[in-house]
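Here the structure is laid out as structure tokens; the discussion comes afterwards.
The values are calculated or read from the model by the stated rules, or taken from the named source; none is laboratory data. From a predicted model like this one, the values you see are computed outputs, not experimental measurements. Here Cβ is always computed from backbone atoms with ideal geometry, including for glycine, and neighbour counts include all displayed protein chains.
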Amino acid sequence: MLLNKSKFLSGVAIGLLLCGIGAAQQAAAPQWKDRAEYDLVEEIKKATGEKKLELLNQWKQKYPETDFKTSRLGMYITTYQQLNKPKEMYQASQDYNAIDPKDFLVTTFLVQLALGQNDTEGAIKAANQLEGLLDDPKITPVQKTGAQTLIRNTRYAIVKSKKNPAEFEPFLREGLEKDPSLAAYSYDLGTLIITKKNPGLYPEAFWQFARAAGVTGPNALPAASQKAALDYLTRIYTGYKGSKKGLDKLMTDALASTFAPKDFAIKTDQQEIAEQEEELKKTNPQLALWIAVKKALIDTGGEEYFNASVKDAAVPPMKGKVLSMKPATKPKEIVVAVADDTTPEITIVIADGGSLPGTAEPGTEIEFEAVAKAFTKVPFMMTVEVEPSKIKGWPTPIPAAGAPKKAAPAVKKTVPKKK
């Protein structure tokens with residue numbers, strides 16, 4: 001069904017219809033065929049339901065030609081409505097329209113009735129006919145606006161019912177160009193794009209769903225449908241990108257423009273991370289190496305990777321910010337953050353039970369060369385051993401190394417990346 005069959009002429013609309021008919025008949029100065037016709041019509045006016053229909057049929061049989069033909073058809077229309085006979089009601093409206101195709105009210109009703117009867121050709125014909133009547137100066141602004149909405153919704157319902165994307169998509173785009181407030185058009189356009197199953201087009205679909213969920217005004221979706229659209233957008237956006245990052249901005253941008261900018265794209269979280277890593281390799285290769293090593297350690301098989309490739313290996317020069325020390329003065333152990341300013345990641349143990357002179361304020365940045373000794377995955381922490389002379393940036397000068405001690409075993413490897 002294109003429209004629910006219950007959406008037929010209201011009592012007020014029927015009243016307007018009959019008033020319009022009466023005015024037209026008065027202008028034409030109609031005449032009764034005889035007194036019997038007049039008396040029959042007076043009886044019809046007092047009757048209701050099936051009795052009224054029976055009397056109307058008598059009038060039609062006895063007086064097939066009458067000056068009151070459109071009035072009779074108007075009575076048929078109201079009677080069929082009261083008796084819930086939509087098919088007959090539609091036929092009576094078509095008969096009326098054939099006599100007076102310029103009657104604005106009847107043509108308006110004819111569009112609605114055609115939709116209710118799934119007569120797509122009849123609905124389009126009536127909609128086109130109605131559009132041709134909109135310049136009539138007797139039509140009020142309210143009537144004109146209502147008719148324009150009916151015409152648009154009729155064409156929309158019919159094109160959508162055909163389930164032909166090649167026809168429906170350009171229809172939706174053209175409609176949105178004319179009226180960006182049509183939230184249902186945005187929702188359907190987003191749905192059509194998604195059904196193409198081309199991830200490269202998904203960002204444009206997200207844009208239209210954002211509009212469908214956010215557009216306000218007379219053409220907005222009902223509140224429940226708006227929420228459903230937003231929930232659906234959130235789910236598919238998160239599945240595509242990997243997080244909700246950027247969703248709020250998308251909602252704002254989509255309401256500012258009917259269509260997404262040319263070449264509009266949404267990068268996935270993985271793409272953004274990969275780009276950041278590549279940029280970091282250029283601007284801070286030390287940090288890039290550490291992030292790669294840490295990522296490998298916390299991944300599946302991290303313990304095996306550490307034991308095989310990292311333990312007792314020389315860690316390339318790294319920079320970190322002091323978070324804590326043991327003891328607070330002349331520390332033997334220093335915990336530093338590397339990837340950011342607050343996350344403890346490396347515990348520096350001074351080699352041979354030694355210590356550093358003085359102390360350092362939290363946040364002090366130091367650079368060190370170390371040998372990896374141990375690590376825990378949760379919470380993450382790598383323990384390294386460092387010679388005092390391999391530390392730079394300590395606030396208190398570190399005395400030069402004394403007489404050479406017994407040489408430590410040669411470092412047999414350097415930290416590689418996990419393949």
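A few remarks follow.
- Where F206 falls short, out of the listed (1) closer than 30 Å to A127 by Cα; (2) in contact with a helix residue (DSSP H, G or I) (Cβ under 8 Å, 6 or more places away or on another chain); (3) among the hydrophobic types (A, V, I, L, M, F, W, C): (1)
- Looking only at residues of the stretch 214-233 that are assigned to a loop (DSSP other than H, G, I, E, B) and of a type outside the set (A, V, I, L, M, F, W, C), we find that the one that is surrounded by the most Cβ atoms within 10 Å (Cβ to Cβ) is N219.
- The stretch 60-81, residues that are more than 52 Å from the chain's Cα centre (by Cα) and either loosely packed, with under 14 Cβ neighbours inside 10 Å or closer than 25 Å to L113 by Cα (or both): K60, Q61, K62, P64, E65, F68, K69
- Count of the stretch 260-281 residues which are more than 15 Å from A205 (Cα to Cα) and assigned to a loop (DSSP other than H, G, I, E, B): 1
- In this structure, I139 does satisfy being in contact with a helix residue (DSSP H, G or I) (Cβ under 9 Å, 6 or more places away or on another chain), more than 21 Å from S71 (Cβ to Cβ) and not in a helix (DSSP H, G or I).
- Pairing residues of the stretch 366-386 that are outside the structural domain of G320 (by TED's automatic domain parsing) and in a strand (DSSP E or B) with residues that are crowded, with 21+ Cβ neighbours inside 10 Å and of a type in the set (S, T, Y), at Cβ distances under 7 Å and at least 6 apart in sequence or on separate chains, gives no pairs at all.
- When the stretch 234-252 is filtered for residues that are small (G, A, S) and part of a helix (DSSP H, G or I), only G239 remains.
- On the stretch given as the stretch 122-136, residues that are among the small types (G, A, S), free of Cβ contacts under 8 Å to residues at least 60 places away in the same chain and assigned to a helix (DSSP H, G or I) total 3.
- Qualifying residue in the stretch 306-326 (condition: loosely packed, with under 12 Cβ neighbours inside 10 Å and either over 18 Å from V371 (Cα atoms) or at pLDDT 95 or above (or both)): no
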